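A short worksheet on the structure shown next.
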Amino acid sequence: MEQVKSFYETPSPAGLTGIKAWLLTHDHKRLALMYLWAVFFWLVLAVFLGMALRLELMFIGETIMGPEVYNSFFTLHGVIMIFLFVIPAIPAIFGNFFLPIQIGADDVFFPRLNLFSWYLYMIGGLVAVISLFTGDGFADTGWTFYVPFSVSTETNVSLTVTAAFILGMSSLLTGLNFVTTIHRMRGKGMGWLQIPLFTWSLYATAWVQILATPVISITLVLVVIERFLNIGLFDPARGGDPLLYQHLFWMYSHPAVYIMILPAMGIISEIIPVFSRKAIFGYKGIIISSMAIAVAGSLVWAHHMYTSGMSDVSVFVFSLLTFLVAIPTAVKVFSWISTMYKGSILMTPPLLMALIFIYLFSVGGLTGLVLGAAGTDIHVHDTTFVVAHFHFVMFGGTGFAFFAGLHYWWPKMFGLMYNFKRAYISAVLAAIGFIFHYIPMFILGLQGMPRRYFDYLPQFETGNFLAGFGGILMVAGILLMFINLWVSFRVRETATADPWGGTTLEWSVPSPPPLHNFVNEPEVLEYPYDFSGVLARAAKDKG
Amino acid sequence: MDPVRGVDLAFWYILGISVLLLIAITVVMIYFVIRYRRSKHPEPADIRDNLNLEVVWTVLPTLIALTMFWVGWKSYIGLRDVPEDALEIEVAGQMYSWIFLYPNEKETEGELVVPLGKAVKLNIESWDVLHSFYIPSYRIKVDAVPGMPTYAWFMADKVGEYDIFCTEYCGIEHAYMLAKLKIVPEQEYLTWLETEE
């Protein structure tokens, strides 16, 4: 491949230098990296907050913090993880970087809007930080902001909610940008059935972002109005209805779960075929299941509310719909595993992390069935069982898919390769710690330990101690993983354009890519996971 | 059927199938990774899909999921259908305790005493923010909502003391909003009911 200047050496717009070349850039790749560093910061902060919570819970009574701090910490942990890490991480980093390249485009459709979204993300994060240190302290409501408590508490709920509102705007605009880009900017020969599955998953996600986010934005505004003007929408003391708030909140926040997991599934659908050197099993089936999840996932929100006092008829309907949304998810898992059947599998860090994803995500998905069924949910609702379940899905799932994507695309984004051995050790350590951390919470939940408890009865002590111990291992694994990636900047072992043997377009361009992504007109495959070319090249290299 | 038993059977049914599925997925995955590793299996097959297989693995899980839904729903009905002869007790949640009001106007805080062998219906309300009334031993939980009465019931079938928790986050002392359920023989209950505290 001829020598071309990478996007690092070519500012856009041209002429910008130094820090300006980053802060005013229109280049989707630079923006992706700017998101990457911001997301790293928030992730590490929220991991430490979570660790502090679990350390506090290792022993009965007050150990390292009091209940006020504890309540603010779990709220902050939730708000940061949801709005600043899990929702934006994969779309804003990998989506921004690779979506245009995967469809043969040189940027997103609205590059300036893309920059604006990044600023909204930063401002949202900044407002969250400000709300920590002003007024009567950070909100202590949990990330759900349930009324009437969120209306009556003295803490700084309005500012925290404003932060969530701004972050919602950022996510919505990114979604809008992606949908437009996929519709309008596909390269020559790139029909809908030539689009790689990661981009397809972002397409499904983007629609959910566009359609569901306004609901939470409006709801959060209503909470602020309720706090300042006391108009009585949600507060029963003024004739309002607290269940109305819960419906509105979950109408967004349940679809948001799919905003968090669909892109993660997209990453896994890229990694498994590449390291199996074999077509993804059921390409169309995976696309259909992504779209089915986006649609059906928008209709199940009230399964968070079986105990809320809503009617039994609602419980019936939402429980039934919840079981139906499980099906497309199961289809994806079966497809990933079948892809490996008779493949030619090469173990690498991204593949190992993808396999860990499949295991942890399956545990999360299957325990979700207990929560979807009406009678069993009543017992474990709002216990640590639920906490364990959604951490298996959001962290074991989206978190590990994020790690897998990071190791899969790292050589493409930076042109550098990392140390494999340390990557394996860190992934295994994090996974083992993860299991020790969350499995005890399933058991505690079945025994009846409620969530969001600062302190607990003696019968829950062993489980909480074990969970804290597992947490320490897990955090050690994650830190080792990040250090290993950081070391790659020092060692500078350069990566080739296609270190893994991929079929999607990002592997046909240099690592790191040039400003306009493609040196030559991209050659789009008729079927996006056709490995015959990769196999031919591998055979030729062998001689 | 006894509602606790109904819920527990639903747990066993759903968790049992889930564990089997998880083991199957994991074993097959690990087997494929080892069996088809590149050093032993350098030439991959080119299989892109298989409609029959995909139909099977869509339809079968759908049927299994529907049975799970049904078992879960049946057990839920058990928690909602209150026997007609149930003893009714009013329950109020407030930051940070549970108040119990008996038919003869007796009031207690943090202690719910009921007679053995009776079905007990709890009419639940909140005096301030949302709370949630939870007795793990009887698998019941329902939110206490200001201005909107809710209910739960259980069959007091065994003498003993049981924990009651608040499971809807309600503020700084949420974790200490506990109470005790005491099931006592009927005679003891009647005496207790008449004594002033």
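Under a 5 Å amide H to amide H cut-off, with H placed in plane at 1.01 Å, what residues pair with B:Met148 once short-range neighbours are removed?
So B:Met148 has HN proximity to B:Ser126.
Keeping every protein chain in place, order B:Met155, A:Met340 by accessible area at 1.4 Å, biggest value first, i.e. largest first.
My answer, sorted largest first, is B:Met155, A:Met340.
Got the relative contact order for region B:69-128 handy, in percent, Cα pairs under 8 Å and 6 or more residues apart?
About 37 percent, as a whole number.
Helix-derived [θ] at 222 nm for the protein assembly as shown: sum -39500 (n - 2.57) over DSSP H runs of at least 4, divide by residue count, nearest 500?
It lands at -19500 deg cm²/dmol.
Longer than 23 Å from Cα to Cα, which of B:Lys141/B:Lys180; A:Lys284/B:Lys40; A:Lys540/B:Lys40; A:Lys5/A:Lys540 are they? Say none if no pair is.
Distance filter (> 23 Å) returns A:Lys284/B:Lys40; A:Lys5/A:Lys540.
For a 20 Å ceiling on Cα separation, which of these pairs sit above it: B:Lys106/B:Lys158; A:Lys20/A:Lys412; A:Lys278/A:Lys342?
B:Lys106/B:Lys158; A:Lys20/A:Lys412, as the Cα separations exceed 20 Å there.
Taking a spot 7 Å from the Cα of B:Asp85 along the direction of its beta carbon, which residues of region B:152-187 have an amide N less than 17 Å from it?
Hits in region B:152-187 for B:Asp85 at 17 Å: B:154-158, B:185-187.
Report, by chain and number, residues whose modeled amide H sits under 5 Å from the one on B:Lys118, excluding near sequence neighbours (fewer than 5 apart, same chain).
Sorted by chain and number, the residues that satisfy this are B:Ala156.
How many Cβ atoms of partner chains, on average, are near each residue of B:53-65 if near means within 10 Å of its Cβ?
For peptide B:53-65, the averaged partner shielding equals 5.
What is the percent carbon and sulfur in the accessible area of chain A, measuring with a 1.4 Å probe over the protein chains and ignoring ligands?
The nonpolar share, carbon plus sulfur, comes to 69 percent.
Give the accessible surface of the protein assembly as shown per residue, rounded to a whole number of Å², with probe radius 1.4 Å and ligands, DNA and RNA excluded.
On the way: 27530 Å² over 740 residues.
Here the per-residue accessible area is 37 Å².
Where the centre of each part is set by its Cα atoms, how far does region A:232-261 sit from region B:7-57, in angstrom?
About 38 Å separates the Cα centre of region A:232-261 from the one of region B:7-57.
I'd like the distance separating the alpha-carbon centroids of region A:272-329 and region A:15-94, in whole Å.
28 Å
Report the accessible surface area buried between chains A and B, summing both sides, using a 1.4 Å probe on protein heavy atoms only, in Å² rounded to the nearest 100. Display every interim value, and only then the final one.
Details: alone 21250 and 13100 Å², together 27530 Å².
Adding both sides of the contact gives about 6800 Å².
In sequence order, what are the phi-derived ³J(HN,Hα) couplings for region B:65-72 according to the Karplus relation 6.51 cos²θ - 1.76 cosθ + 1.60 with θ = phi - 60°, rounded to whole Hz, with x for glycine and proline?
These are the phi-based 3J(HN,Hα) values: 4, 5, 5, 4, 4, 5, 4, x Hz.
Determine the share of region B:1-53's accessible area contributed by carbon and sulfur atoms, expressed in whole percent, with a 1.4 angstrom probe.
Details: 2320 of 3460 Å².
Heavy-atom surface of region B:1-53 belonging to carbon and sulfur, 1.4 Å probe: 67 percent.
Testing the spin-label approximation: label points 7 Å from Cα along Cα→Cβ at A:Phe482 and B:Val19. State their distance in nm.
Each label point lies 7 Å from its Cα, and together they span 3.7 nm.
Just give the residues from region A:296-321 buried by at least 40 square angstrom of accessible area in the all-chains context relative to the isolated chain, probe 1.4 Å, and say none if nothing qualifies.
The answer is A:Thr307, A:Asp312, A:Phe316, A:Leu320 - residues whose exposure falls by at least 40 Å² when every protein chain is included.
Highest mean first, how do B:55-63, B:188-196 rank when packing is the count of other Cβ atoms within 10 Å averaged over residues? Walk me through the numbers on the way to the answer.
On the way: B:55-63: 14.0, B:188-196: 11.8.
My ranking of the peptides, most packed first, is B:55-63, B:188-196.
What does the extension gain come out to for A:Ile231 and A:Leu299, with contour length at 0.36 nm per residue minus their alpha carbon separation?
Working: separation 68, 0.36 × 68 = 24.48 nm, distance 2.91 nm.
This chain segment gains 21.6 nm when fully extended.
Based on the Cβ-Cβ distance from A:Ile60 to B:Ser97, what FRET efficiency comes out when R0 is 25 Å, to the nearest 0.05? Walk me through the intermediate numbers first.
Working: r = 21 Å, r/R0 = 0.82.
After rounding to 0.05, the efficiency reads 0.75.
Could you tell me how far the Cα centroid of region B:72-106 sits from the Cα centroid of region A:137-197, in Å?
Spelled out, the Cα-based centre of one part sits 40 Å from the other.
Residues of region B:31-47 with backbone nitrogen within less than 20 Å of a virtual label 7 Å along the Cα-to-Cβ line of A:Lys542, please, listed as ranges.
B:33-47
Given a Förster distance of 22 Å, report the FRET efficiency between A:Ser311 and B:Met155 from their Cβ-Cβ distance, rounded to the nearest 0.05. Please report the intermediate quantities before stating the final value.
Numbers: r = 24 Å, r/R0 = 1.09.
Efficiency at R0 = 22 Å is approximately 0.40.
Spin-label point model (7 Å from Cα, Cβ direction): what's the A:Arg184 to A:Gln447 distance in nm?
5.8 nm
With a cut-off of 8 Å between alpha carbons and a minimum separation of six or more residues, what is the relative contact order of region B:87-194 in percent?
Values: 271 pairs, mean separation 32.7, N = 108.
Computed value for region B:87-194: 30 percent relative contact order.
Using the Kyte-Doolittle scale, find the helices of chain A whose mean hydropathy is at least -1.0 and whose Cα atoms extend 27 Å or more along the helix's long axis, counting only whole DSSP H runs.
Helices passing the filter in chain A: A:28-57, A:111-133, A:157-184, A:197-229, A:242-276, A:312-340, A:349-372, A:420-447, A:461-491.
Quick one: which bits of region B:17-40 get at least 50 Å² less accessible when the partner protein chains are in, versus the chain alone, with a 1.4 Å probe?
B:Leu22, B:Ile25, B:Met29, B:Phe32, B:Val33, B:Tyr36, B:Arg38
So what J values fall out for region B:94-101 if you push phi through Karplus, 6.51 cos²θ - 1.76 cosθ + 1.60 with θ = phi - 60°, rounded to Hz, Gly and Pro as x?
Karplus-based 3J(HN,Hα) across region B:94-101 equals 8, 5, 9, 7, 10, 10, 10, 10 Hz.
Counting only protein heavy atoms, what percent of the accessible surface of region B:87-194 is carbon or sulfur at a 1.4 Å probe?
Looking at region B:87-194 in its full context, I get 51 percent from C and S.
With r defined as the distance between the Cβ atoms of B:Ala45 and A:Trp37 and R0 fixed at 60 Å, what FRET efficiency is calculated, to the nearest 0.05?
The computed FRET efficiency comes out at 0.90.
Please name the residues of region A:240-287 whose accessible area, counted over protein heavy atoms with a 1.4 angstrom probe, falls by no less than 10 Å² between the chain alone and the full protein assembly.
Residues passing the criterion (a loss of at least 10 Å², heavy atoms only) are A:Pro242, A:Leu243, A:Gln246, A:Arg277, A:Lys278, A:Ala279, A:Phe281, A:Gly282, A:Gly285.
The values are calculated or read from the model by the stated rules, or taken from the named source; none is laboratory data. Just so you know, these numbers come straight off a predicted model, no measurement behind them. Note that each Cβ is placed from the backbone with ideal geometry, even for glycine, and that neighbours are counted across all protein chains shown. What goes into the accessible areas is simple: the full protein's heavy atoms, side chains included, and nothing from ligands, DNA or RNA. Shrake-Rupley method; radii C 1.70, N 1.55, O 1.52, S 1.80 Å.
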